[in-house]
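> Let me give you the structure first, and then I'll get to my questions.
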Amino acid sequence: MTEFDSPFGDPVVLPLEDSIDLHPFQPKDIPSVVEEYLRQCLEAGILEVRLIHGKGKGVQRNAIRALLENNPAVVSFHDAPLEAGSWGATIVILGGA
């Protein structure tokens, strides 16, 4: 097995939707997951998405928002409405880049 071989099978391909729940991902993987998700949404013409990061202490929320501030494809972002997760989710408007 080389350093590029994976002990896992082929990657799981998920259908592209207007929201993604980040709870199943390891915190260290979330930045790359969010970047790739936003890129694919933009390519597919999905310009408003919801990132579900949870409420907790706000650590993931703050990390995601720092990432969004530096992403040229992000036009704006804000807390989700109460019925869509409130401050446990972030609504992102895409269109830049």
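> What figure, in Å² to the nearest 10, do you get for the accessible area of LEU68 with a 1.4 Å probe and non-protein molecules left out?
0
> Could you please tell me the mean projected area of the C-alpha convex hull for the range 49-95, averaged over all directions and given in square nanometres to one decimal?
2.9
> In terms of solvent-accessible area of protein heavy atoms at a 1.4 angstrom probe, what is the ranking of GLU17, GLU69, GLU36, highest value first?
The ordering from most to least exposed comes out as GLU69, GLU17, GLU36.
> Which value, in Å² rounded to 10, gives the accessible area of ASP18 with a 1.4 Å probe and all protein chains present?
Estimated to the nearest 10 Å², ASP18 gives 90 Å².
> Report the accessible area of SER32, computed with a 1.4 Å probe over the heavy atoms of all protein chains in place, in Å² rounded to the nearest 10.
Taking all protein chains as shown, SER32 has close to 70 Å².
> If you don't mind, another one. What is the extension gain from ASP29 to ILE46, computed as 0.36 nm multiplied by their sequence separation minus the C-alpha to C-alpha distance, in nm to one decimal?
Full-extension gain reported as 3.9 nm.
The values are calculated or read from the model by the stated rules, or taken from the named source; none is laboratory data. Since we're looking at a predicted model, the values are computed, not measured. For the accessible areas, the whole protein counts, side chains as well, though only heavy atoms, and no ligand, DNA or RNA atoms are used. Shrake-Rupley method; radii C 1.70, N 1.55, O 1.52, S 1.80 Å.
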